[in-house]
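Accompanying notes for the structure given below.
The values are calculated or read from the model by the stated rules, or taken from the named source; none is laboratory data. Because the structure is predicted, anything quoted here is derived from the model rather than measured. Note that we place each Cβ from the backbone using ideal geometry, even for glycine, and neighbour counts take in every protein chain shown. For accessibility, only protein heavy atoms count, side chains too; no ligands or nucleic acids. Shrake-Rupley method; radii C 1.70, N 1.55, O 1.52, S 1.80 Å.
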Amino acid sequence: QIPSVISPKKLFWSNFKTFWSMIDISSIIVTLLATVGNLLWHQWLQDNYDESWRIVLAIATGLLWIKLISFLKVVNRQLATFVLSIMQIARDILWFLLILLILIVAFTQMFYTVLPPRVLYEDGYTTDLDSIWEYYVLIYIIVLGEFDRQTFMNTFSVILFCLYTFWVVIIMLNVLIAIVG
């Protein structure tokens, strides 16, 4: 049987769609964008502080560090094994993370409904939750294990907190099982 020859076009596109190729291409594009932007608009950037430009530079920096990991995994066999295992773990826990994201969004919406923003209680305590995004940060911080009991002032919010922490523990245990298994 004659082995089939892969056309250069198919070989290019099959390699082009890999994770590391996308990181390489993205880091090159964002770095070029940042370099050209700094050269052309340096004075304008100095005069007009623009946060979006700093975000582009932060993305470029992060992509370049990931590209360094890609380079080092070629140089060192043990690092390559570690990087490949991290990528496999990320693939294994993807669906658990989706469920966790749904839980975070659902409970954020429930807490936003139950705990109105900027509530002044009888004891003079006010919440610092004045936008939906601060509720998302609060719920994410609860995933990490830190919370302030004073935030949950009514009975239903305490019940929601208990339900949320229960489900998060279940999800995290499943993630641990997926990683070990």
Item checked: Inter-residue pairs, beta-carbon under 7 Å, first assigned to a helix (DSSP H, G or I) and in segment 30-43, second at pLDDT 70 or above and open to solvent by 70 Å² or more (accessible area, probe 1.4 Å), 6+ apart -> Val30/Ile59; Thr31/Leu64
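Suppose we keep only residues that are of a type in the set (A, V, I, L, M) and over 15 Å from Met22 (Cβ atoms) within segment 66-82. Which one would you say is most open to solvent (accessible area, probe 1.4 Å)?
Start the filter on segment 66-82 by keeping residues that are of a type in the set (A, V, I, L, M), which leaves 66, 68-69, 72, 74-75, 79-80.
Imposing the further condition that a residue be over 15 Å from Met22 (Cβ atoms) reduces the set to 68, 72, 74-75, 79-80.
Working: Leu68: 70, Leu72: 68, Val74: 120, Val75: 102, Leu79: 54, Ala80: 20 Å².
Here the answer is Val74.
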Next item on the list: May I ask you to verify whether Lys67 is in contact (Cβ under 8 Å) with a residue 40 or more places away in the chain, over 24 Å from Asn174 (Cβ atoms) and of a type outside the set (A, V, I, L, M)?
Entry: yes
Notebook entry, point to check: Condition test on Ser85, is it open to solvent by less than 60 Å² (accessible area, probe 1.4 Å) and modelled with pLDDT under 85?
Noted result: no
Next item on the list: Taking the residues in segment 93-115 that are crowded, with 18+ Cβ neighbours inside 10 Å and not hydrophobic (A, V, I, L, M, F, W, C) as candidates, determine which candidate is farthest from Asn174 (Cα to Cα).
Entry: Tyr112
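I need the full set of residues from segment 45-84 which are of a type in the set (Ser, Thr, Tyr) and more than 19 Å from the chain's Cα centre (by Cα), in order please. Explain how you work it out, then say what you get.
In the first step, residues of segment 45-84 are kept if they are of a type in the set (Ser, Thr, Tyr); the result is 49, 52, 61, 70, 81.
If the condition is that a residue be of a type in the set (Ser, Thr, Tyr) and more than 19 Å from the chain's Cα centre (by Cα), then Tyr49, Ser70, Thr81 are the ones that fit.
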Next item on the list: Report, ordered by the first and then the second residue, all pairs with beta carbons closer than 8 Å, sequence separation of six or more or different chains, a first member in segment 140-160 that is loosely packed, with under 12 Cβ neighbours inside 10 Å, and a second member that is outside any helix (DSSP H, G or I).
Entry: Gln150/Tyr125
Next item on the list: State all residues of segment 48-65 that are among the acidic types (Asp, Glu) and either under 14 Å from Phe19 (Cα atoms) or open to solvent by 70 Å² or more (accessible area, probe 1.4 Å) (or both); if no residue qualifies, say none.
Entry: Glu51
Checklist line | Hits in segment 151-181 - residues which are among the polar types (S, T, N, Q) and either part of a helix (DSSP H, G or I) or closer than 24 Å to Trp95 by Cβ (or both) | finding: Thr151, Thr155, Ser157, Thr165, Asn174
Note to self: Any residue in segment 86-98 that is part of a helix (DSSP H, G or I) sitting within a Cβ distance under 7 Å of a residue that is modelled with pLDDT under 85 and open to solvent by 70 Å² or more (accessible area, probe 1.4 Å)? List the pairs, counting only those 6 or more apart or interchain.
What the structure shows: Ile89/Ile179; Asp92/Ile179
